[in-house]
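The values are calculated or read from the model by the stated rules, or taken from the named source; none is laboratory data. Just so we're clear, the structure is a prediction, and the values are computed from it rather than from any experiment. Cβ sites come from the backbone with ideal geometry, for glycine too, and all protein chains shown count toward neighbours.
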Amino acid sequence: MSRPIQKEWMNELDKFGDVYKQGVADFIQFTTVNNRGSTTCLCPCRECRNGKSFVFGTISRHLIKYGIDKNYRVWVLHGENPCTDPVVEPVIEEENTEAEGLGMGNFVDASYGVHEIVAGDLNEDEENHMEDFEPPPFS
């Protein structure tokens with residue numbers, strides 16, 4: 001089994017910090033191994049967005065200067081196989097979801113507008129709000 005791909009460095013804000021720089025070095029190493037002898041590859045920085053090809057040293061400098069495109073989460077253009085390569089990413093836990101927003105538990109309600117109708121009445125006396133909803137049409 002191959003070594004897990006570390007990607008948490010992609011979320012680092014300090015592009016000149018040790019964690020980010022080590023992540024860039026690991027990315028270049030990963031790409032070098034998977035490019036089978038090629039000295040160039042596509043640049044995943046926020047400026048190039050895998051649209052230009054450079055030597056690895058230039059890509060490293062671009063990643064430090066501009067940062068990596070955070071939407072490029074699966075490195076398929078650089079040799080990653082999402083079916084076989086294990087990826088290690090941190091689990092972000094929701095803390096205090098009431099203060100920060102709806103949270104996943106209320107996502108469906110909010111998508112259908114239920115949250116907007118009922119949210120203001122949660123602390124009031126319980127009332128039947130079913131009259132606010134129309135029953136679905138039957139075929």
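If you go through the stretch 22-44 and keep only what is assigned to a strand (DSSP E or B) and either at pLDDT below 95 or outside the structural domain of R73 (by TED's automatic domain parsing) (or both), you end up with T40, C41.
Summed over the stretch 43-58, the residues that are under 21 Å from the mean Cα position of the chain (by Cα) and not charged (D, E, K, R) give a count of 6.
Is one or more of the residues making up the stretch 45-57 among the basic types (K, R), at pLDDT 90 or above, in contact with a Cys (Cβ under 7 Å, 6 or more places away or on another chain) and surrounded by fewer than 16 Cβ atoms within 10 Å (Cβ to Cβ)?
Yes - at least one qualifying residue is present in the stretch 45-57.
Going by the structure shown, is V19 exposed (fewer than 15 other Cβ atoms within 10 Å of the Cβ), touching a residue at least 40 places away in the same chain (Cβ under 8 Å) and in a helix (DSSP H, G or I)?
Working: exposed (fewer than 15 other Cβ atoms within 10 Å of the Cβ): yes; touching a residue at least 40 places away in the same chain (Cβ under 8 Å): no; in a helix (DSSP H, G or I): yes.
The answer is no for V19.
Surrounded by fewer than 12 Cβ atoms within 10 Å (Cβ to Cβ) and in contact with an Asp or Glu (Cβ under 9 Å, 6 or more places away or on another chain), is that true of P4? Taking the combined requirement at face value, the residue satisfies it. For the stretch 47-69, which positions are touching a residue at least 24 places away in the same chain (Cβ under 8 Å), over 15 Å from F30 (Cβ atoms) and out of contact with any Pro (no Cβ under 6 Å at 6 or more places or on another chain)? Across the stretch 47-69, the qualifying residues are I64, K65, G67.
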